[in-house]
1. Consider A:Ile241 carefully, then state whether it is within 14 Å of another protein chain (Cβ to nearest Cβ), in contact with a strand residue (DSSP E or B) (Cβ under 7 Å, 6 or more places away or on another chain) and aliphatic (A, V, I, L, M).
2. Condition test on A:Glu165, is it more than 18 Å from the chain's Cα centre (by Cα), within 21 Å of A:Ile100 (Cα to Cα) and either among the charged types (D, E, K, R) or modelled with pLDDT under 95 (or both)?
3. Would you pick out the residues in segment A:111-139 that are out of contact with any Ser or Thr (no Cβ under 7 Å at 6 or more places or on another chain), among the hydrophobic types (A, V, I, L, M, F, W, C), crowded, with 22+ Cβ neighbours inside 10 Å and not in a helix (DSSP H, G or I)?
4. Quick one: in segment A:65-110, which of the residues that are outside any loop (DSSP other than H, G, I, E, B) and acidic (Asp, Glu) is surrounded by the fewest Cβ atoms within 10 Å (Cβ to Cβ)?
5. Against the condition surrounded by 20 or more Cβ atoms within 10 Å (Cβ to Cβ), more than 17 Å from the chain's Cα centre (by Cα) and within 14 Å of another protein chain (Cβ to nearest Cβ), how does A:Leu195 come out, does it pass?
6. Report yes if A:Val204 is surrounded by fewer than 22 Cβ atoms within 10 Å (Cβ to Cβ), within 14 Å of chain B (Cβ to nearest Cβ) and either of a type in the set (A, V, I, L, M) or touching a residue at least 12 places away in the same chain (Cβ under 8 Å) (or both), otherwise no.
7. Only one residue in A:Ile230, A:Ile179, A:Ile216 is touching a strand residue (DSSP E or B) at 6+ places or on another chain (Cβ under 7 Å), farther than 23 Å from A:Leu2 by Cβ and more than 14 Å from every other protein chain (Cβ to nearest Cβ). Which one?
8. For segment A:28-64, what are the residues that are assigned to a strand (DSSP E or B) and crowded, with 20+ Cβ neighbours inside 10 Å?
Amino acid sequence: MLSKRIIPCLDVRDGKTTKGIKFKENVDIGDPVEMARFYYEQGADEIVFYDITASSDRRNIMIDVVRRVAEDIFIPFSVGGGIRNIEDMREVLLAGAEKISINSEAIINSKIISEGAKAFGSQCIVLGMDVKKVEISNKIPSGYEMVIHGGRTYTGIDALAWAREAESLGAGEICLNSIDADGTKKGYELSLTPLISENVNIPVIASGGAGSIAHIYDAFTKGKADAALIASIVHYGTYTIKEIKEELHARGVKVRRTWGKSLTG
Amino acid sequence: MIAIIDYKAGNLKSVERALKKLGFACRITHDREEVLNSERIIFPGVGAAGKAIADLRHFGLDKALTQAFKEGTPILGICLGAQIILEKSEENNTQCLGLVRGDVKRFPLPLFSFDNERLKIPHMGWNGVHLVRRHPVLEGIRPQDEFYFVHSYYPMPAADQYIIGTTDYGIEFPSIIGHKNLIAMQFHLEKSGPPGLRILKNFCTWNGKI
């Protein structure tokens, strides 16, 4: 049976991860390639890189990171942040990423989803959704609204309607981030996650709020998520991915628990 | 030299990178002669069956693959490459290469797991393989190993003798098929971590005999 996926997320600025990892042994690493290799060996099912570089040569810096990761890491990984058109997508995919994540770019221009799916296949296109809870209204019947600019700008778009539209345009997966839960470490948004996951036929990655293994368990059971995005819970060494997976397994969640020794050194 | 068949379908570079990491020389090519002169052939691919077959024909690679298969060259199909070796596909009703008798089928909808959970299409993520027979290319693979899948269609050979491994996703479908010097996997070896690389490495030293 299909395993639930555990996906660490790395924010990258100017070719360095913004948070670094502090392991229990207290080693600090800020190189995204090193971190990716560490998580690969720890049993991550996939890795997400989110580029938050603001400078003008951002593309070249990130492409170099992607290329180096692809030489070393033989699991799928995705890249998001600032991908505006088909050419940006092509460059990232050719450098070795398996998937591209598009977020506010898709809200501004939804054709990027259909064009990307047509050019590279739906399996490459992840729709990133930043969502906030609002009053239910005619315009926002689900009570969840799409936001951009880190949650500062409301778009007037209903989150559920947008998820369905993106699926019909050819998105292959949704990464669903609750701005309300993000950074709280109080758990994933467990009303939003099943609302979206049960109403689309593509996989949904829950994002935002993970502070404990119980939270991840809830995302898979109550939240009906197909995968869970995690960040500080592993970056700061609270748990290793292996510990998370063993605990989930003990609680009856199907996860990939063995990945063997690296053959490539 | 290992030929990675280039017919403009999907991520050939990741296969090339994996081979390079394992220390095997390879070339991405759509040249008929080069394919026929290579020691072994990898036939990857993502995308739609109809377009893949049209592109193969355009380069004359359909005939080259058939000839290489008859000559005993070890051939490895990956993902779409594990589908279009059959006779025909339900995907746009496509006539395929016919190296193995059988069809390519779409997962039925709605699809439910054995504990009655609704399953999504495509089948995307990590899943196990139940090995139903031994094969030199699968040496060292353990029952608990998992592999990375992304697909909405699956290969269904006409006879059980071609099925080497199966995977459970609502239905039990053939995920590894083999026939003589040909072996093919529905999952992405090049994205499946060490167990995937192990299979790739085994293939690179396989003489094509079972």
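The values are calculated or read from the model by the stated rules, or taken from the named source; none is laboratory data. Source: prediction; values computed, not measured. Reconstructed Cβ throughout: ideal geometry from the backbone, glycine too, with neighbour counts over all protein chains shown.
1. Details: within 14 Å of another protein chain (Cβ to nearest Cβ): yes; in contact with a strand residue (DSSP E or B) (Cβ under 7 Å, 6 or more places away or on another chain): yes; aliphatic (A, V, I, L, M): yes.
Yes: the conditions hold for A:Ile241.
2. Details: more than 18 Å from the chain's Cα centre (by Cα): yes; within 21 Å of A:Ile100 (Cα to Cα): yes; either among the charged types (D, E, K, R) or modelled with pLDDT under 95 (or both): yes.
For A:Glu165, the condition - more than 18 Å from the chain's Cα centre (by Cα), within 21 Å of A:Ile100 (Cα to Cα) and either among the charged types (D, E, K, R) or modelled with pLDDT under 95 (or both) - is met.
3. A:Ile125, A:Leu127, A:Met129
4. A:Glu87
5. Working: surrounded by 20 or more Cβ atoms within 10 Å (Cβ to Cβ): yes; more than 17 Å from the chain's Cα centre (by Cα): yes; within 14 Å of another protein chain (Cβ to nearest Cβ): no.
Here the answer is no, as A:Leu195 does not meet what is asked.
6. Working: surrounded by fewer than 22 Cβ atoms within 10 Å (Cβ to Cβ): no; within 14 Å of chain B (Cβ to nearest Cβ): yes; either of a type in the set (A, V, I, L, M) or touching a residue at least 12 places away in the same chain (Cβ under 8 Å) (or both): yes.
Criteria not met by A:Val204.
7. Numbers: A:Ile230 fails: farther than 23 Å from A:Leu2 by Cβ; A:Ile216 fails: farther than 23 Å from A:Leu2 by Cβ.
After applying the criteria, what remains is A:Ile179.
8. Of all residues in segment A:28-64, those assigned to a strand (DSSP E or B) come to A:28-29, A:47-51.
A:Ile47, A:Val48, A:Phe49, A:Tyr50, A:Asp51 - these are the residues of segment A:28-64 that are assigned to a strand (DSSP E or B) and crowded, with 20+ Cβ neighbours inside 10 Å.
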